[in-house]
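Structure first, commentary second.
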Amino acid sequence: MTTAPGPGWFDSHCHLQERYLADEAPDPAGGPVAEVLRRAVAAGVSSVVCVGTDAATSAQALALAGAVADGDLGPGLPGVSATAGLHPHEASAGTAAVADLIERSAAGSLVGIGECGLDYHYDHSPRPAQRAAFAEQIALAHRHRLALVIHARSAWDDLFDVLGAEGVPERTVLHCFTGGPGELARCLDAGMFVSFSGVVTFKNAAEVREAAARCPLDRLMVETDSPFLAPVPHRGRPNEPAYVALVGAAVAEVKGIDPDELAATSAAATSACFGL
């Protein structure tokens, strides 16, 4: 069961599964997921999307969404929705296990396919395997009419080639956008939403800030990508959904609007993207 978002910040992309909390967020920033979510509420966050990167973390994301919806972690937590997908780093494993999970979960709390896409910076999986896994997950998004969550790094041309061949799902988001105005235009022309992370606060990210300034509000989302890419002044430390307000404030600054307005418009865009 998904939870309709309330007023406040909406973290459109985070990883709250046990693997990420244990490996990337040692005490005191980590701790039980309920504590992380309580800190998010205290920072004004009303909703999050917990994103899967393989079959195991996708199942954990779905379990977390269900536990929060059922009140198993206590009252007063943000709404949690889940996605299921295979990250390009894991593409060599094949999509069968993730596809099976999606087939069994599409009628529940699942709101998106991904994150999936192409990562030619690290090349942890061969590029042909990455392209095949990406195409298969685009097909799953079409089949189940779910949002597609895309990861893209150093692979823009191939990314759009695969999307062109498979067709861009009606609701698609390019998460953790790290391009500039040119890449933003390609995303918008394809009908995508674009999600900005803590990268927008980094000193060397002038092109990302320029893209954020140009992105229409009805297509602009914000995220933490927790536990990665903590925004300034927490850079270099574990990230968490409570920090999405810092990302949003940085985007609001480059757009010349009040952070409260950015919170409302980005939450509306995220709700539209994920069909909430």
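The values are calculated or read from the model by the stated rules, or taken from the named source; none is laboratory data. Just so you know, these numbers come straight off a predicted model, no measurement behind them. Glycine gets a Cβ as well: all are built from the backbone with ideal geometry, and neighbour counts include every protein chain shown.
When only residues in segment 233-249 that are out of contact with any strand residue (DSSP E or B) (no Cβ under 8 Å at 6 or more places or on another chain) and on the phi < 0 side of the Ramachandran plot count, which is surrounded by the most Cβ atoms within 10 Å (Cβ to Cβ)? The extreme case among them is LEU246. Condition first: buried (at least 20 other Cβ atoms within 10 Å of the Cβ) and in contact with a Gly (Cβ under 8 Å, 6 or more places away or on another chain). Now tell me which residues in segment 188-210 satisfy that. Scanning segment 188-210 gives a single hit, VAL208. A Cβ distance below 6 Å, combined with a sequence gap of six or more or placement on separate chains, defines the contacts here; from segment 182-194, residues that are aromatic (Phe, Trp, Tyr) reach residues that are in a strand (DSSP E or B) and surrounded by 20 or more Cβ atoms within 10 Å (Cβ to Cβ) in the pairs PHE193/VAL173; PHE193/MET221. For HIS151, the criteria (1) without any contact (Cβ under 8 Å) to a residue 12 or more places away in the chain; (2) touching a strand residue (DSSP E or B) at 6+ places or on another chain (Cβ under 6 Å); (3) of a type outside the set (Asp, Glu) hold in every case but one, which is (1).
In segment 1-56, how many residues are part of a loop (DSSP other than H, G, I, E, B) and modelled with pLDDT of 90 or more? Qualifying residue count for the region: 10. Residues in segment 70-123 that are among the small types (Gly, Ala, Ser) and either touching a Gly at 6+ places or on another chain (Cβ under 8 Å) or buried (at least 23 other Cβ atoms within 10 Å of the Cβ) (or both): 11 in all.
Let's see how each residue does on (1) touching a residue at least 60 places away in the same chain (Cβ under 8 Å); (2) of a type in the set (Ser, Thr, Tyr):
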| residue | (1), (2) |
| --- | --- |
| ALA69 | yes, no |
| GLY74 | no, no |
| THR83 | yes, yes |
| PRO88 | yes, no |
| ALA97 | no, no |
| GLU103 | no, no |
| GLU115 | yes, no |
| LEU118 | no, no |
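Only one entry in SER195, SER125 is part of a strand (DSSP E or B), of a type in the set (Gly, Ala, Ser) and either modelled with pLDDT of 95 or more or under 21 Å from SER58 (Cβ atoms) (or both), namely SER195. Please work out if THR83 is touching a His at 6+ places or on another chain (Cβ under 9 Å), farther than 20 Å from LEU174 by Cβ and modelled with pLDDT of 95 or more. No, not satisfied.
Can you say whether VAL168 is part of a loop (DSSP other than H, G, I, E, B) and aliphatic (A, V, I, L, M), as far as the supplied structure shows? The answer is yes for VAL168.
From the list ALA272, ALA263, ALA230, ALA213, the one residue that fits, being crowded, with 17+ Cβ neighbours inside 10 Å and not in a loop (DSSP other than H, G, I, E, B), is ALA263. Residue pairs whose Cβ atoms lie under 9 Å apart, separated by 6 or more positions or on different chains, with the first residue in segment 232-248 and farther than 19 Å from THR178 by Cα and in contact (Cβ under 8 Å) with a residue 40 or more places away in the chain and the second of a type in the set (Asp, Glu) and in a helix (DSSP H, G or I), are PRO238/GLU24. Out of all the residues in segment 39-63, which are more than 23 Å from PRO88 (Cβ to Cβ), buried (at least 21 other Cβ atoms within 10 Å of the Cβ) and among the aliphatic types (A, V, I, L, M)? Listed by number, the residues that qualify are ALA40, VAL45.
Among the residues of segment 77-122, those identified as in a loop (DSSP other than H, G, I, E, B) and either of a type outside the set (Gly, Ala, Ser) or closer than 22 Å to VAL36 by Cβ (or both) are LEU77, PRO78, GLY85, LEU86, HIS87, THR95, SER109, TYR120, HIS121, TYR122.
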